[in-house]
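J.: One structure follows; several queries about it will come next.
The values are calculated or read from the model by the stated rules, or taken from the named source; none is laboratory data. Just so you know, these numbers come straight off a predicted model, no measurement behind them. Every residue, glycine as well, gets a Cβ built from its backbone with ideal geometry; the counts of neighbours run over all protein chains shown. We work out accessible area using only protein heavy atoms, side chains counted, and drop any ligands, DNA or RNA first. Shrake-Rupley method; radii C 1.70, N 1.55, O 1.52, S 1.80 Å.
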Amino acid sequence: MEYTITYYNETVKADIEALPLALRVRYTALTQRMAEVGANLGVPHTEGFGNGLFELRLKGQEGLARVFYCTLVGRQIVMLHSFVKKTRKTPPKERRLAETRMKEIKHDAR
């Protein structure tokens, strides 16, 4: 049974589509796999942050990017936020934004 991949809003989708080419190609390959087998592809492709928040780890010639996502009942994966990584650690503001969106989505799903 396949999983459905959706986006928090159109801006998140547009931001992902605006990533550099190699990162978009990697995103497409990994999300196709997620649609088939589920949200957790394991390290180095995905990593859990706890409380249901995950990150998709993209690496390409142009650098690194991260896409935060969560899962909902009914085999749904929701992409919450993406950014191009410029520092070694994930900036706290990027994670906070994803956590806020995840709480909103999970609250509305009840």
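J.: Take region 55-64 and flag every residue that is in contact with a Ser or Thr (Cβ under 9 Å, 6 or more places away or on another chain) and more than 11 Å from H81 (Cα to Cα).
T.: Initially, region 55-64 is screened for residues in contact with a Ser or Thr (Cβ under 9 Å, 6 or more places away or on another chain), giving 55-58.
Selection gives R57, L58.
J.: Being over 25 Å from D108 (Cβ atoms) and of a type in the set (V, I, T) is the filter here; which residues of region 44-76 pass it?
T.: To start, the set of residues in region 44-76 that are over 25 Å from D108 (Cβ atoms) comprises 44-45, 47, 57-65.
Answer for region 44-76, where residues must be over 25 Å from D108 (Cβ atoms) and of a type in the set (V, I, T): there is none.
J.: Cβ-Cβ under 9 Å, sequence separation 6+ or interchain: first residue in region 63-76 and touching a residue at least 60 places away in the same chain (Cβ under 8 Å) and among the charged types (D, E, K, R), partner open to solvent by 10 Å² or more (accessible area, probe 1.4 Å) and part of a strand (DSSP E or B). Which pairs?
T.: R75/T4
J.: Given the criterion open to solvent by 40 Å² or more (accessible area, probe 1.4 Å) and either in contact with a Phe, Trp or Tyr (Cβ under 6 Å, 6 or more places away or on another chain) or on the phi < 0 side of the Ramachandran plot (or both), identify the matching residue among F68, F54. Talk me through it step by step, then tell me what you get.
T.: On the way: F68 fails: open to solvent by 40 Å² or more (accessible area, probe 1.4 Å).
On inspection, the qualifying residue turns out to be F54.
J.: Which one of these is of a type in the set (D, E, K, R), touching a strand residue (DSSP E or B) at 6+ places or on another chain (Cβ under 8 Å) and either open to solvent by 50 Å² or more (accessible area, probe 1.4 Å) or modelled with pLDDT under 90 (or both): R88, R96, R101, R75?
T.: R75
J.: Same structure again: Going by the structure shown, is T31 of a type in the set (S, T, Y), open to solvent by less than 40 Å² (accessible area, probe 1.4 Å) and at negative phi?
T.: Yes.
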